[in-house]
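**Q** Quick one: structure below, then a few questions.
All of the numbers you see were taken from the coordinates with simple rules; none came from a lab. Being a predicted model, the structure only gives us computed values, none of them experimental. Glycine also receives a Cβ, built like all others from the backbone with ideal geometry; neighbour counts cover every protein chain displayed.
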Amino acid sequence: MAKKILFIAHRIPYPPNKGDKIRSFHELEFLSKHYEVHLVCFIDNPNDRVHVGKLRKYAQEVHAFRLYKLIALARGFFYLLTGRSLSEGYYASPLAKRKVRKLSERHKYSFVFCFSSQIGRFAFDIPFVKIMDFCDVDSDKFSQYAKHHAFPLSRLYRLESRRLSAYESQINRAFDASILINRQELRLFNRRRHHDNIYIMPNGIDTEYFKPIDAVKERALVFTGDMGYYANINAMVWFCEEVWPLVLEQDAGIRLYIVGRNPAREVRSYGERYEGGIVVTGEVEDIRPYVAKARLAVIPIRIARGIQNKILEAMAMGVPVMMHRTLFQSLGDLNEKDSLIFDDAHECADMILSTIDNETIQRGIGERQRNYVLSHHHWDSHFRESVVWQNLMNDSFQKDKTISKKRITSDKLRTH
């Protein structure tokens, strides 16, 4: 009889078309090859309901709960008023909690795997080995949001950052192992207090899907991502307000493609202001044709959030990536000479103007960045070489739960 595990995710891990869903899907896919998986997840977009059936290829049982945003927000603010984190309250669905409890009473699970801190409390009282993939340190995200917003939102974000940081620490103490995406996130996680039993596993990329494509190159830049997500909106507002005018002063023949679902009003306005020069596509079926025809992928995200999939995707396709230094610092094994890194608007504009027509630089950096992705960001090698995943496959956590009390060792902090 196959061993069983319970997989709990804050968002349905299908389709794998955005950062957290890509990571959780590949983890689910890997675990499904070794265990009978029972999945509990939330659907925050009603259009994703049609994908529940496709998850039965990876999970024996799928329990997907609709997340109604107004109700979730009301619950989140109630939690905030009672001294807890808004993020915890947002996902505190009584129906989902009851389902998790019933499943844990009915089945003997080898372990429980949780994706994202918001649903950590679901597993607190479950008497099985518990693994949390924090991915990024969400409390730091709110700290950064506070710096980019005026009162009263700045105060709300700072409060949420402190509350969520305490909650993350509580999860780390209650779970047998925690996973973060890189050492930078580990430093952020430990900024207020030291944490044990932490492992690091970077994001991976499907290098067969994202590979170089023959395409007629335009004198164009491309940015991809969910354009309703604040970090992406912030990046494009900064770029279009601070960098784009500097570029147009010298060269009006360059085009920018902003590709992704749910473009915010501010983002859509740039397509109207710079008609033809900035193209805001909205949701597209496949981002690869847009990446392939661009000469450069520009990623001006200044709010550092782990390893961006949009960077790995463009690199895997051989399209040279320009990025803000905060993002470069999250790619610990990437050589600076193989990168196009900028610190401010003038440096970014100058880099675009000097590189847009230089095929030699584009080809050289594109090839080196693709080789970097092939060597350091392949999902199969992550799962094969990661200490935490090997411990799960070998039942090491189950055989010796005292491992969760050991201090961090250099072995635990291997990149893979």
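**Q** For the chain, give the share of DSSP beta bridges that are antiparallel, in percent and rounded to the nearest 5; count only bridges with both residues there.
**A** Within the chain, antiparallel bridges account for around 0 percent of the total.
**Q** Once phi is turned into θ = phi - 60°, what whole-Hz ³J(HN,Hα) does the Karplus curve with 6.51, -1.76 and 1.60 give for every residue of the range 388-395, x standing for Gly and Pro?
**A** 5, 6, 5, 5, 5, 5, 8, 6
**Q** Could I ask something else about it? Rounded to the nearest 20 debye, what is the charge dipole size of the range 220-376 about its Cα centre when +1 sits on each Lys and Arg Cβ and -1 on each Asp and Glu Cβ?
**A** Roughly 400 debye, rounded to the nearest 20.
**Q** From the residues Val50, Leu73, Ser85, which one has its Cα farthest along the dipole of the range 41-131 in the positive direction, the dipole being from +1 and -1 charges on Cβ of Lys/Arg and Asp/Glu about the Cα centre?
**A** It is Val50.
**Q** Same structure again: Using the Cα centre of the chain as the reference point, and only Cβ charges (+1 on K/R, -1 on D/E), how large is the resulting charge dipole? Debye, rounded to the nearest 20.
**A** My answer is approximately 2220 debye.
**Q** Okay, moving on. Considering only DSSP states other than H, G, I, E and B, which chymotrypsin sites (Phe, Trp or Tyr not before Pro) in the range 23-98 qualify as loop sites with at most 15 other Cβ atoms within 10 Å?
**A** Tyr68
**Q** Another question about this same structure. Considering the options Gly364, Asn309, Ala264, tell which one lies farthest towards the positive end of the dipole of the range 220-376, charges being +1 on Lys and Arg and -1 on Asp and Glu at the Cβ, about the Cα centre.
**A** Working it through, the farthest residue towards the positive pole turns out to be Asn309.
**Q** Subtracting the Cα-Cα distance from 0.36 nm times the residue separation, let me have the gained length for Val284 to Asn190 in nm, one decimal.
**A** So the extension gain works out to 30.0 nm.
**Q** If exposed means no more than 15 neighbouring beta carbons inside 10 Å and the site is in a DSSP loop, what's the longest run of the chain without any exposed trypsin sites (Lys or Arg not before Pro)?
**A** The reported range is 220-405.
**Q** Could you work out how far helix 19-32 tilts from the main Cα principal axis of the chain, as a 0 to 90 degree angle to the nearest 10?
**A** Around 40 degrees separate the two axes.
**Q** While we're on this one: Given springs between every Cα pair under 10 Å in a Gaussian network model of the chain, which of Ser169, Ser143, Ser396 has the largest fluctuation?
**A** Of Ser169, Ser143, Ser396, the Gaussian network model singles out Ser396 as fluctuating most.
**Q** Which shape class, rounded, prolate or oblate, goes with the range 246-328 when its Cα gyration tensor gives a ≥ b ≥ c as root eigenvalues, a/c under 1.5 marks rounded, and past that a/b bigger than b/c marks prolate?
**A** rounded
**Q** Considering only Ile303, Ile361, Ile131, give the residue with the highest GNM mean-square fluctuation for the chain, with springs between Cα atoms whenever their separation is below 10 Å.
**A** Looking only at Ile303, Ile361, Ile131, the largest GNM fluctuation is found for Ile361.
**Q** Can you work out the FRET efficiency for the pair Gln170 and Glu208, with r the C-beta to C-beta distance and R0 = 41 Å, to the nearest 0.05?
**A** Once the sixth-power term is evaluated, E becomes 0.55.
**Q** Which of rounded, prolate or oblate describes the range 292-376 when judged by the alpha-carbon gyration tensor and an a/c cut-off of 1.5?
**A** The shape class here is oblate.
**Q** How much length would be gained if the chain were fully extended between Glu249 and Glu272, taking 0.36 nm per residue of separation minus their Cα-Cα distance, in nm to one decimal?
**A** Between Glu249 and Glu272, full extension yields 6.4 nm more.
**Q** What does the helix-only formula give at 222 nm for the chain: each DSSP H stretch with n ≥ 4 adding -39500 (n - 2.57), the total divided by the residues, and the result rounded to the nearest 500 deg cm²/dmol?
**A** That comes out to -12000 deg cm²/dmol.
**Q** Percent of Cα-Cα pairs more than 15 Å apart in the range 132-217, please.
**A** In whole percent, the share of Cα-Cα pairs in the range 132-217 beyond 15 Å is 64.
**Q** Now a separate question. May I ask you to compute the full-extension gain from Ser381 to Leu159, defined as 0.36 nm times their residue separation minus their alpha-carbon distance, rounded to one decimal in nm?
**A** Taking 0.36 nm per residue and subtracting the Cα distance, the gain is 76.0 nm.
**Q** So, one more: From the square roots a ≥ b ≥ c of the eigenvalues of the alpha-carbon gyration tensor of the range 99-243, which class results: rounded (a/c under 1.5), prolate (a/b over b/c), or oblate?
**A** It comes out oblate by the Cα gyration axes.
**Q** Starting from the 7 Å offset along Cα-to-Cβ, what nm value, one decimal, do you get for the label separation of Ile43 and Ile71?
**A** Going from the Ile43 label point to the Ile71 one covers 1.3 nm.
**Q** How long are the semi-axes of the equivalent ellipsoid of the range 31-76, taking √(5λ) for every eigenvalue λ of the Cα gyration tensor, in whole Å from largest down?
**A** 25, 12, 6
**Q** Moving on to the next point. Given the options His63, His377, His194, which has the most mean-square fluctuation in a GNM of the chain, springs set between C-alpha atoms less than 10 angstrom apart?
**A** His194
**Q** Follow-up question, since we're still on this one. Dipole of the chain (Lys/Arg Cβ +1, Asp/Glu Cβ -1, origin at the Cα centre): which of Gly277, Ile119, His148 lies farthest to the positive side?
**A** Ranked along the dipole, the leading option is Ile119.
**Q** In whole Hz, with x marking every Gly and Pro, tabulate ³J(HN,Hα) for the range 75-86 from phi via Karplus 6.51 cos²θ - 1.76 cosθ + 1.60, θ = phi - 60°.
**A** Karplus-based 3J(HN,Hα) across the range 75-86 equals 5, x, 5, 4, 4, 5, 5, 9, x, 10, 8, 4 Hz.
**Q** Using only Cα atoms, what is the ratio of the radius of gyration of the range 220-376 to 2.2 N^0.38 Å?
**A** 0.95
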